Amino acid sequence: MSKQVSHPDILIVGGGVIGAACARALARRDVSVSVVEAGDRPGSATPAAAGMLAPFAEAQAEDPLLALCVGARDLYGDLAPELQEETGIDIQLRSDGIVQLAFTEEEASRLKSAIAWQRQIGFATEWLSPDEVRERVPGVGPDILGAALAPEDGGLVPNALREACLRSAELRGAQVVKGALVEEIVVEGGRVRGVRTADGLHQAGAVVLAAGCWSGGIAGLPRALPVEPFRGQMVALAWPRGEPPAIVYGGGGYVLERDGEAIAGSTMEQAGFATGTTEEGLRLVHRYMRRIFPSLAGKPVRRTWAGLRPVTPDRHPIVGPDPDVPNLWYATGHGRNGILLAGITGEILAQLYVGEQIEHDLTPMAVDRFN
């Protein structure tokens, strides 16, 4: 286990991509930081994630976080080169667009309606005819009716983002305590004193809870935290020969190219903390995959895995301070948008902590909205 820094300004519970981004943003503001992380236990969301930056994939017209999600995507345009310069780690940012296929008239109508309201409020989504889709993604199935294109969406490599953020934070003095499972948030006299692990109390001036789907199970919290695990099962195969790299949604799932592989997903299952794959789940992923790229049917599977997304009842994350315990902060419950929102979550937490002005309305992410 790494040595624990003595009484940091702030201690972050969780070393996934959210905790790592918070650590970097705080350390950049000369805050002394310690990250306490249990490691990649089964179901950890970051290593399981596909890494898409897709604010429009499931966007609704009345979504109060849409502008935040678009801003989160755009933030990586600056963050990626900064991280590479600071750490030498390339997070493999791509901004070559995401395609959502329509296989039925109902899907085509829904996507065209979404494009209409998105363009009306200033976003550059567009409709592609079947021929235009095949110019971008030649291998899609023959039964498509067209597609929505979000030309500025894209993706990155989640583990690379996490490692780059942690390394950047460490270069600024942050310490990472590895292999330590936080059992309790210790609150005394209405303030957090620190956290307790198997090796004792780790004191800190403040605590950020960023433990993903395990956040609500930590003892000592001043309120119930409705963050539940939703399992997502995934499959990796060889990317179709001759097919240009792409990120494609369709038929309920998605397929994307990463490092020469086709990454296909994903289920959205309430299965508790079960982290194994299932025949039924993988069969569903294969159905999505074959619908998008028929050439993948019957191809050898290289590996399968599952991750646990931390999901709240309204599908919005919990970000910000506890209203009753002033030195307790939350950065959890990001669901399917953990990679997308990681960078901006770190910035928001750091801005709040040091008293900088916040551009975004944080009300939809307040912890007490569930009371």
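The values are calculated or read from the model by the stated rules, or taken from the named source; none is laboratory data. These numbers come from a predicted model, not from an experiment. Using ideal geometry, Cβ is built from the backbone for each residue, glycine included, and neighbour counts are taken over all protein chains shown.
Collect the residues in the stretch 145-164 that are among the small types (Gly, Ala, Ser), in a strand (DSSP E or B) and surrounded by fewer than 23 Cβ atoms within 10 Å (Cβ to Cβ), keeping them in residue-number order.
From the stretch 145-164, those among the small types (Gly, Ala, Ser) are 146-148, 150, 154-155, 160, 164; that's our starting set.
If we keep only those that are in a strand (DSSP E or B) as well, we get 146-148, 150, 154-155.
Matches in the stretch 145-164: GLY146, GLY154.
If I go through the stretch 47-71 residue by residue, how many of them are farther than 18 Å from ASP96 by Cβ and part of a helix (DSSP H, G or I)? Spell out the reasoning first.
Residues of the stretch 47-71 that are farther than 18 Å from ASP96 by Cβ, as a first pass: 47-49, 58-69, 71.
Next, only the ones that are part of a helix (DSSP H, G or I) stay: 47-48, 66-69, 71.
Count: 7.
Considering the stretch 46-96 alone, what residues qualify as being in contact with a strand residue (DSSP E or B) (Cβ under 6 Å, 6 or more places away or on another chain) and among the hydroxyl-bearing types (Ser, Thr, Tyr)?
Correct list: SER95 only.
May I ask you to list the residues in the stretch 90-106 that are hydrophobic (A, V, I, L, M, F, W, C) and within 19 Å of ALA50 (Cβ to Cβ)? Give the derivation first.
Step one: of the stretch 90-106, the residues hydrophobic (A, V, I, L, M, F, W, C) are 91, 93, 98-99, 101-103.
Matches in the stretch 90-106: ILE91, LEU93, ILE98, VAL99, LEU101.
Considering only the stretch 41-86, how many residues are within 17 Å of GLU347 (Cα to Cα), among the small types (Gly, Ala, Ser) and surrounded by fewer than 23 Cβ atoms within 10 Å (Cβ to Cβ)?
The total comes to 4.
If I go through the stretch 315-342 residue by residue, how many of them are of a type in the set (Asp, Glu) and at pLDDT below 95? First the steps, then the outcome.
Initially, the stretch 315-342 is screened for residues of a type in the set (Asp, Glu), giving 322, 324.
Within this subset, residues satisfying the condition of being at pLDDT below 95 are none.
Of the residues in the stretch 315-342, 0 are of a type in the set (Asp, Glu) and at pLDDT below 95.
Sort out which residues of the stretch 235-273 are surrounded by 16 or more Cβ atoms within 10 Å (Cβ to Cβ), farther than 24 Å from GLU135 by Cβ and not hydrophobic (A, V, I, L, M, F, W, C), and write them in order of number.
Within the stretch 235-273, GLY265, SER266, THR267, GLU269 meet the criteria.
What is the residue count in the stretch 61-73 for residues that are free of Cβ contacts under 8 Å to residues at least 40 places away in the same chain and farther than 15 Å from GLN118 by Cα?
Total satisfying the criteria: 0.
When you check ARG231 against the structure, is it buried (at least 19 other Cβ atoms within 10 Å of the Cβ), under 18 Å from the mean Cα position of the chain (by Cα) and of a type in the set (Lys, Arg), yes or no?
Numbers: buried (at least 19 other Cβ atoms within 10 Å of the Cβ): yes; under 18 Å from the mean Cα position of the chain (by Cα): yes; of a type in the set (Lys, Arg): yes.
In short, yes.
Is there any pair linking a residue in the stretch 195-213 that is of a type in the set (Ser, Thr, Tyr) to one that is assigned to a strand (DSSP E or B), with Cβ under 7 Å and at least six apart or on different chains, and which?
THR197/VAL36
Name every residue in the stretch 90-117 that is in a helix (DSSP H, G or I) and surrounded by 16 or more Cβ atoms within 10 Å (Cβ to Cβ), in order of residue number. Full working, then the answer.
Just the residues of the stretch 90-117 that are in a helix (DSSP H, G or I), to begin with: 105-117.
Listed by number, the residues that qualify are GLU107, ALA108, LEU111, ALA114, ILE115.
For VAL35, state whether it is more than 29 Å from VAL255 (Cβ to Cβ) and under 19 Å from the mean Cα position of the chain (by Cα). If you could, list the steps in order and put the result at the bottom.
Values: more than 29 Å from VAL255 (Cβ to Cβ): yes; under 19 Å from the mean Cα position of the chain (by Cα): yes.
Yes.
Could you check, for the stretch 221-240, whether at least one of its residues is at pLDDT below 95, over 24 Å from ASN337 (Cα atoms) and not assigned by TED's automatic domain parsing to the domain that holds VAL186?
The answer is yes; a qualifying residue exists.
Conditions (1) modelled with pLDDT under 95; (2) within 18 Å of ILE18 (Cα to Cα), marked per residue:
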| site | (1), (2) |
| --- | --- |
| GLU37 | yes, yes |
| ARG41 | yes, yes |
| ALA48 | no, yes |
| GLY51 | no, yes |
| GLU58 | yes, no |
| GLN84 | no, no |
| ILE89 | no, yes |
| LEU93 | no, yes |
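Table: residues versus (1) free of Cβ contacts under 8 Å to residues at least 40 places away in the same chain; (2) in a strand (DSSP E or B).
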residue: ASP131; (1), (2): yes, no
residue: GLU135; (1), (2): yes, no
residue: ASP143; (1), (2): no, no
residue: VAL176; (1), (2): no, yes
residue: VAL182; (1), (2): no, no
residue: VAL192; (1), (2): no, yes
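Scan the strands (runs of 3 or more DSSP E) fully inside the stretch 257-371 and keep the ones with 1 or more residues being touching a strand residue (DSSP E or B) at 6+ places or on another chain (Cβ under 7 Å) and within 30 Å of GLY189 (Cβ to Cβ). Reasoning before the result, please.
On the way: elements: 261-265, 301-311, 318-321, 328-332.
Here the list reads 301-311, 318-321, 328-332.
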